[in-house]
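As structure tokens, the structure follows; a few thoughts come after it.
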Amino acid sequence: MTESSGLIRLIVHPNDYPWGKIGEDSLAGRLTKNACEPEFEFKPDQPYAELWMGTHPTNPAYLYSDKSILLSKFLEENSKYLGSSKSNFQTPFTGKKGSGSENQIKGHIPFLFKVLTCKQALPLQIHPNKELAKKLHEEDPEKFPDINHKPEIAVCLSSSFLGFAHFREYNQIVQFLTKIPEIKSLSLEIQNTIENFINQPTSDNLQKVWINFSKLSDNENIVKEFSNRIEKEGIKAFKDFKGEGFNEKEKENLVKAILNSKKYYNGDSGLFSTLFFLNLVELKKDEGIYVGADGPHAWLEGEIVELMAISDNVLNVGFTPDEEKDDINLVSKIVTYKSKSPSVLKLISKEFKSKSKSLNQNTKVYKVPFEEFSILKINSNDELNFFNGPAIAIIIKGNWIINENQNEISKEGNCYFIGAGTETIWKKQNDNEQGEIWIAFYDADAPKEEVGQK
């Protein structure tokens, strides 16, 4: 496979954040063995949290054929492979000193693709919109390295995945605020905002009460007391919780989330500002969810492919030390305090029926409500017609022959850039083995009823 073919093998690297699973327990870790350069040292006692695939300067991809060449530099000189994305999306990088993008302004694909694996909660976070991202980047380019927003999706790779996303239905929040006895020990200021929200559950009142909960510290005795009680009582602690969001399985997930928080973040008030206010969503294998640019979220446990607009801007307000939390008043300005049920957040997927894109129709495509990207999964032999924009593929399972190149077997962890205008053929080396490939792509011409509006 040569650069002239438009199908280019990449070197991509992991991040070792402490919330990642350890060594071989981490899918992101196991994939590094074929995703990184041959001399990469896998450390079995180290956490592997994410495998980044893209051109963002924070952790960019390189060409496998020459590990000194950034994918972005290659695309800057071979912009035909960016296709329609080059004219449809402006670069989010200014080259501002301290941003890390001083020599990486051009040649970017419009999305950032990841394999993410977590054993504990990521920080409770929200991503700034474009207006705020530009302001924050000007003020602190090292912390906010680009000027882009960051809407994202997650699709489950493990048997199940838990995460908090967007605000619950207001009546569910009211049940937490009225039926959790520990809440009565909180300050008078918080009690007043709780009462106002209960009496008049509006977005303005939700904003005030959520801000107050988010201002609690990472070492709250009340949170510890609550966690200890749940550990003793289990789902019986939620026996009075009724209606949507509180079936037996959902109550079991609440307990699971609380015990996970107790183990890794004992006393962190992020437990209250997620559990009481945000949907606790469970995904099964191949199920997906989206998080809008205005949506607070905290992934909790499991493995996913994660796809977002190209950005590394984030504001953290929970499951993190107090000194590392961002100003909640700043965060509050970009949050939309509207409830969204898990059924609304989940992505619709279907076979890629369009023969103009998938010849053998062994590909599942997801309808994504964002402009910058789409995602599909190949589980058996297929031929994909070209996209009019760039794509990145990662092999999760199996050995594959790509474009009928019998001399080169592609293995789990191998990652490829697919340039605009490049057709690809994917064939399992052994028809009896499991196969799984995920491809993030941009294609303005793909059927909107299948990939979403682009």
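List of remarks:
- The charge dipole of the chain, taken about its Cα centre with unit charges on the Cβ atoms of Lys, Arg (+1), Asp and Glu (-1) only, comes to about 920 debye.
- Amide N of region 384-416 lying under 14 Å from the label point, which is placed 7 angstrom from the Cα of residue 423 along Cα→Cβ: 384-387, 403-404
- In the chain, a dipole from Cβ-located charges (positive for Lys and Arg, negative for Asp and Glu) runs towards its positive end, and of 311, 276, 175 it is 175 whose Cα lies farthest in that direction.
- Charge context of residue 331, other residues only, Cβ under 12 angstrom, K/R +1, D/E -1: 0
- Kirkwood-based Rg to Rh ratio, region 12-162, C-alpha trace: 0.98
- When peptides 338-348, 118-128, 23-33 are sorted by average Cβ neighbour count within 10 Å, with the highest value leading, the order is 118-128, 23-33, 338-348.
- Partner lysines for residue 397 [C-alpha distance under 20 Å; skip if fewer than 8 residues away on the same chain]: 21, 33, 114, 284, 285, 364, 377, 411, 427, 428
- Potential lengthening between residue 138 and residue 34 on full extension [0.36 nm per residue; Cα-Cα distance subtracted]: 33.7 nm
- Among complete DSSP H helices in the chain, those whose alpha-carbon atoms stretch at least 15 Å along the helix's long axis and whose mean Kyte-Doolittle hydropathy reaches -0.5 are 188-199, 203-214.
- Fraction of alpha-carbon pairs over 29 Å apart in the chain - percent: 47
- Taking Cβ atoms as reference points and 14 Å as the exclusive limit, the residues near residue 15 contribute a net charge of -1, counting Lys and Arg as +1 and Asp and Glu as -1.
- Sparse-neighbourhood loop sites, GluC sites (Glu not before Pro) in region 331-419 - DSSP loop, at most 13 other Cβ within 10 angstrom: 404, 408
- Hull shadow area, averaged, region 113-223 [alpha-carbon convex hull, nm²]: 9.8
- Modelled FRET efficiency - R0 41 Å, residue 58 with residue 171, Cβ distances, 0.05 increments: 0.50
- Radius, Kirkwood style, for region 348-451 when every pair of distinct Cα atoms is counted (Å): 13.6
- Net +/- balance of residues flanking residue 277 in space, Cβ distance below 14 Å, scoring K and R +1, D and E -1: +4
- Rounded FRET efficiency, nearest 0.05, which uses the C-beta distance separating residue 78 from residue 385 and R0 of 22 Å: 0.60
- Euclidean distance of C-alpha centroids, region 360-377 and region 88-162, integer Å: 21
- Here's the picture: a label point sits 7 Å out from the Cα of residue 217 along the beta-carbon direction, and within region 236-275 the residues with their amide nitrogen under 12 Å of it are 268-269.
- Peptide packing: for 89-99, 166-176, 196-206, the average count of neighbouring Cβ atoms within 10 Å per residue gives the ranking 166-176, 89-99, 196-206, highest mean first.
- Eigen-decomposition of the gyration tensor built on the alpha-carbon atoms of region 163-345 gives equivalent ellipsoid semi-axes of 22, 20, 18 angstrom, largest listed first.
Taken together, the values in this text are just the output of simple stated rules run on the coordinates, not laboratory data. Small disclaimer: the values here were computed from a predicted structure and weren't measured. Every residue, glycine as well, gets a Cβ built from its backbone with ideal geometry; the counts of neighbours run over all protein chains shown.
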